[in-house]
Amino acid sequence: MTSTELLLPSTRRALLHRVATAQSQGRTPSLVAAVQRDGQVAWTGARSCVDGHEPDGDTQFRIGSITKTFTAVLVMRLRDEGLLDLGDPLEKHLPGTGVGEVTVQQLLGHSAGLGAETPAPWWERTPGTTRPELADVLGDSPLLTSPGHRHHYSNPGYTLLGTLVERLRGDSWAEVLRREILEPLGMDRTTPQAHAPHAGGWAVHPWADVMLPEPAEDLGLMAPAGQLWSTTTDLLRFAAFLAQGDDRVLCASSVAEMRAPAAPPETGDWAGTYGLGLQAVRCGDRTLFGHGGSLPGFLATLWFSVEDDVAAVVLANATSGPSTGVVAAELLLIVADAEPRIPEPWRPLPDVDEALLALTGPWYWGTQVHALKLLADGGLELQPLRDVGRAARFRACPDGTWTGLNGYYAGETLRVVRTEDGRVDHLDLGSFVFTREPYDRDAAIPGGVDEGGWRGLSV
């Protein structure tokens, strides 16, 4: 057991207890976990069935479908470079697949209608050479439902995305991954093949305390869906990137786009959703982002909270056993709840646009009162002052308008409408008129204002 001194002893004790319980009750040969806070590894811990052989932050485990998030980042890089649009049909860039009508975005968010798995035999336990062509991955009837209508997790969909990366880059998926993500982020212990020290994959008998080694196959064309080996140290670096962005790989706004829901969740699964290569789950009043993964012999989960700036990784070498997703979430919450983030000191703005400052304060949509606030980043925030109303943040545009960033007004335009003498008449937000007074008689309100004005109940 190792840990830094960045957390209180009671917090470290709670983390160790959770990891020890997971390894013991989950009956897994070994389990390693790590938590990051404020960009630093705050705690690491491990348990093993072999005394003195606990894995550490440099020990590789297979991470399965966490690989998909790396593939998604490569696709988003292509989008940011203008080499594709997320709305492009696959046929535009990768003709002849038989599913060319599905879009890049649908593949990223698992809403393309493709099957979850390849045709038999079970792809995770057979060599990739068993499926040398895309047709072998997709099968004769690859579309189960109409594209775009529902979320249905698809491993073959990420084979298509990996092949798309290779086609547009003119290089192998593994080489593009190394060059464009792993090297810039310093993830030299994340590799397509295992490099010592690494854990071996095991199946534990469900009714007896005995084990069976699992094969570690090269997945071939399926590699972009689940090939990678990694460590807790490397995955925490990846988590920091996914939370904040890194201009060497993908900017902050693009990784934020990956976290946004891409398709409706399955009926009854309202606690979780899927973005573009990232899963999202609700834990109380928090949203955690990341991905889980499994391959025969291995389980893995990475979760991070942008708001708390905390991330947790759990890796285990068992086909089934501990729920690494639950354990990783609980490790994150132990730290976030026991030692909440210390806010940065409040500081005034370095300067302010007086005309912009004059727009702040109360505004009325009909009789609903809102407040417009100037944010530290130069944006605006509209907040209802009572329970009724819609909130939104806005960013400035070069033409003097503002674009909504979230909620009901995401993508909508906020305009300041002035009279001929330059006085602010009202705010126009997607055709909704906001005035300084409720139904201001001097403002251009659609439908006008009754000439009799406000009145009481006549007796």
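The values are calculated or read from the model by the stated rules, or taken from the named source; none is laboratory data. What you see is a predicted model, and the numbers here were worked out from it, not measured in a lab. Here the Cβ positions follow ideal geometry from the backbone for every residue, glycine too, while neighbour counts run over all protein chains shown.
Quick one: residue 406 ticks every box in (1) surrounded by 11 or more Cβ atoms within 10 Å (Cβ to Cβ); (2) at negative phi; (3) at pLDDT 90 or above except a single one, so which number is it?
Of the numbered conditions (1) surrounded by 11 or more Cβ atoms within 10 Å (Cβ to Cβ); (2) at negative phi; (3) at pLDDT 90 or above, the odd one out for residue 406 is (3).
Can you name the condition, by its number, that residue 53 falls short on among (1) in contact with a strand residue (DSSP E or B) (Cβ under 9 Å, 6 or more places away or on another chain); (2) surrounded by fewer than 17 Cβ atoms within 10 Å (Cβ to Cβ); (3) in a helix (DSSP H, G or I)?
The single condition residue 53 does not satisfy is (3).
Given the conditions (1) in contact (Cβ under 8 Å) with a residue 60 or more places away in the chain; (2) surrounded by 13 or more Cβ atoms within 10 Å (Cβ to Cβ); (3) not β-branched (Val, Ile, Thr), and given that residue 366 satisfies all but one, which numbered condition is not satisfied?
(2)
Residue 440: over 26 Å from residue 346 (Cα atoms) and touching a residue at least 12 places away in the same chain (Cβ under 8 Å), yes or no?
yes
Within the stretch 282-329, can you find the residues that are among the acidic types (Asp, Glu) and touching a helix residue (DSSP H, G or I) at 6+ places or on another chain (Cβ under 6 Å)?
Across the stretch 282-329, the qualifying residue is only 308.
Looking at (1) farther than 23 Å from residue 197 by Cα; (2) within 27 Å of the chain's Cα centre (by Cα), which is the only condition residue 57 fails?
(1)
When residue 214 is evaluated against the numbered criteria (1) modelled with pLDDT of 95 or more; (2) of a type in the set (Asp, Glu); (3) over 17 Å from residue 295 (Cβ atoms), which criterion, by number, is the only one it fails?
In the conditions (1) modelled with pLDDT of 95 or more; (2) of a type in the set (Asp, Glu); (3) over 17 Å from residue 295 (Cβ atoms), residue 214 misses (3) alone.
Of the numbered conditions (1) in contact with a helix residue (DSSP H, G or I) (Cβ under 6 Å, 6 or more places away or on another chain); (2) over 30 Å from residue 257 (Cβ atoms), residue 390 fails exactly one; give the number of that condition.
It is condition (2) that residue 390 fails.
Can you say whether residue 281 is assigned to a strand (DSSP E or B), more than 13 Å from the chain's Cα centre (by Cα) and either in the same structural domain as residue 37 (by TED's automatic domain parsing) or modelled with pLDDT under 95 (or both), as far as the supplied structure shows?
Criteria not met by residue 281.
Suppose we filter 213, 265, 206 for residues that are closer than 21 Å to residue 117 by Cα, out of contact with any helix residue (DSSP H, G or I) (no Cβ under 7 Å at 6 or more places or on another chain) and surrounded by fewer than 16 Cβ atoms within 10 Å (Cβ to Cβ); which single one remains?
So the residue among 213, 265, 206 that is closer than 21 Å to residue 117 by Cα, out of contact with any helix residue (DSSP H, G or I) (no Cβ under 7 Å at 6 or more places or on another chain) and surrounded by fewer than 16 Cβ atoms within 10 Å (Cβ to Cβ) is 265.
In this structure, does residue 19 turn out to be surrounded by 18 or more Cβ atoms within 10 Å (Cβ to Cβ) and not in a strand (DSSP E or B)?
Spelling it out, residue 19 is indeed surrounded by 18 or more Cβ atoms within 10 Å (Cβ to Cβ) and not in a strand (DSSP E or B).
Before we move on, is residue 16 within 29 Å of residue 154 (Cβ to Cβ) and assigned by TED's automatic domain parsing to the domain that holds residue 233?
no
Checking the structure you have, find out if any residue of the stretch 141-154 is hydroxyl-bearing (Ser, Thr, Tyr), over 26 Å from residue 84 (Cα atoms), in the same structural domain as residue 301 (by TED's automatic domain parsing) and surrounded by fewer than 19 Cβ atoms within 10 Å (Cβ to Cβ).
Within the stretch 141-154, one or more residues are hydroxyl-bearing (Ser, Thr, Tyr), over 26 Å from residue 84 (Cα atoms), in the same structural domain as residue 301 (by TED's automatic domain parsing) and surrounded by fewer than 19 Cβ atoms within 10 Å (Cβ to Cβ).
Does any residue of the stretch 346-358 turn out to be farther than 30 Å from residue 63 by Cβ, small (Gly, Ala, Ser), touching a helix residue (DSSP H, G or I) at 6+ places or on another chain (Cβ under 6 Å) and modelled with pLDDT of 90 or more?
no
Tally the residues that are buried (at least 24 other Cβ atoms within 10 Å of the Cβ) and either polar (S, T, N, Q) or in contact with a Lys or Arg (Cβ under 7 Å, 6 or more places away or on another chain) (or both), restricting the search to the stretch 29-43.
Residues that pass the stated criteria total 3.
Test residue 159 against the stated conditions and say whether it is surrounded by 14 or more Cβ atoms within 10 Å (Cβ to Cβ) and either without any contact (Cβ under 8 Å) to a residue 40 or more places away in the chain or not acidic (Asp, Glu) (or both).
Yes.
Are there any strands (runs of 3 or more DSSP E) wholly within the stretch 307-385 with 1 or more residues that are closer than 30 Å to residue 234 by Cβ, and if so which?
310-316
Looking at 263, 271 in this structure, which one is at pLDDT below 95, out of contact with any Ser or Thr (no Cβ under 8 Å at 6 or more places or on another chain), assigned by TED's automatic domain parsing to the domain that holds residue 81 and over 28 Å from residue 58 (Cα atoms)?
271 is the lone residue from the list that is at pLDDT below 95, out of contact with any Ser or Thr (no Cβ under 8 Å at 6 or more places or on another chain), assigned by TED's automatic domain parsing to the domain that holds residue 81 and over 28 Å from residue 58 (Cα atoms).
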